[in-house]
Every structure is written in C-alpha cells, then in structure tokens.
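Note sheet for the following structure.
The values are calculated or read from the model by the stated rules, or taken from the named source; none is laboratory data. Here the structure is a predicted model, which is why all the values come from computation and not from measurement. For neighbour counting, all protein chains shown are included, and Cβ atoms are generated from backbone atoms with ideal geometry for every residue, glycine included.
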Ligand code: DQA
C-alpha cells in the first residue's frame, strides 16, 4: 500500500512559523516521524511539499494509479483552491484532509474548505499527530 503525504504553502516553515499555533517541530521532523510510523505499519510512504498550487495539482495528477491514499494539508489553498479540489476528485484517490490547528477556532475564512466534502475524513486541531491519525486511518481502511 502506498500513501502520499502532501503539504501545501508555508508548511515548509513549520517550526519557525507561528509556533504557538503550529508547534516547534520542523517539516523534516514530522516527515521523519511519519516515515517511522509507516515502516512500523508496513506501508510505503512518500512526502511532498510545495508552495505552488500548480505543482500540487501536478503531483496529485501524477499519483493516479500509483498511490492508494493521499493525506493532504493544503494550507491556505484549502480555503481557496477549486483546482486542488478538482485534481483530487479527478484522480479518484481517497484522501484525508489534515489541519494542524483547529481551523474552526480561528478566523471565519478558515472555516470553509474546498476539500472537506470530497474527503474520506477531516482532522483538525490535533497538532502534527493529525497526520499520524490520518495514516492509521488509511491503513485501517486499506486499498479502496
Ligand atoms: C493549516 C490551516 C490553514 O488555515 C492555514 O492557511 C495553514 C495551515 C493548518 O495546518 O492548521 O497554512 O492548514
């Protein structure tokens, strides 16, 4: 089973960026932790981050036929991107939407997601543990 973790804009700044909201771990720390979890669970994991909407769309499109589950934190594009929504719907790969922070306890513009109604599930506010929870869920669901 192949799982792809996608992080969108500004998540490369984890650890530096508003640590009171997003925590002190860097993206490398998080990806290493997720890699160890995947190894324990016996699944293949790859990670991708981009600040560019088109690069995220390209990555999702390229995943068709090779990836069984996508775990995506689209960052601010969650609240703006019809293109990422369409890419996820277009490839038909089941996905879990992750937010490190509790977006519902923040500004109103963060309460709407272009992805949630297409997601198998949504995790918000669990910190970076949310990625681990999403991976556990995907493994439990298996290939769809
Ligand atoms: C985020 C929440 C988004 O509103 C924000 O734009 C991000 C990160 C989160 O992980 O909590 O960049 O997706």
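Summary of computed values
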item: Residue count, the stretch 14-28 (criterion: without any contact (Cβ under 8 Å) to a residue 24 or more places away in the chain, more than 18 Å from residue 50 (Cβ to Cβ) and assigned to a helix (DSSP H, G or I)); result: 2
item: Pick from the stretch 20-42, criterion surrounded by 12 or more Cβ atoms within 10 Å (Cβ to Cβ) and modelled with pLDDT under 95, ranking: nearest to residue 97 (Cα to Cα); result: 22
item: The one condition in (1) more than 16 Å from residue 138 (Cβ to Cβ); (2) in contact with a strand residue (DSSP E or B) (Cβ under 7 Å, 6 or more places away or on another chain) that residue 16 fails to fulfil; result: (2)
item: Residues of the stretch 43-98 classified as surrounded by fewer than 22 Cβ atoms within 10 Å (Cβ to Cβ) and assigned to a strand (DSSP E or B), total; result: 6
item: Filter pass, residue 132 being farther than 15 Å from residue 6 by Cβ and either within 13 Å of the ligand (Cβ to nearest atom) or in contact with a strand residue (DSSP E or B) (Cβ under 7 Å, 6 or more places away or on another chain) (or both); result: no
item: Residue pairs meeting the criteria (Cβ under 7 Å; at least 6 apart or on separate chains; first within 22 Å of residue 29 (Cα to Cα) and touching a residue at least 60 places away in the same chain (Cβ under 8 Å), in the stretch 120-144; second in a helix (DSSP H, G or I) and within 16 Å of the ligand (Cβ to nearest atom)); result: 128/30; 131/30; 131/34; 132/34; 135/34
item: Yes/no for residue 105 being at pLDDT 95 or above and more than 21 Å from residue 135 (Cβ to Cβ); result: yes
item: Every residue from the stretch 76-118 that is within 11 Å of the chain's Cα centre (by Cα), more than 12 Å from the ligand (Cβ to nearest atom) and free of Cβ contacts under 8 Å to residues at least 40 places away in the same chain; result: 95
item: Selection count where residues are more than 9 Å from the ligand (Cβ to nearest atom), surrounded by fewer than 22 Cβ atoms within 10 Å (Cβ to Cβ) and not in a loop (DSSP other than H, G, I, E, B), scope the stretch 1-12; result: 2
item: Which numbered condition residue 138 fails, given (1) in contact with a strand residue (DSSP E or B) (Cβ under 9 Å, 6 or more places away or on another chain); (2) in a helix (DSSP H, G or I); (3) within 10 Å of the ligand (Cβ to nearest atom); result: (3)
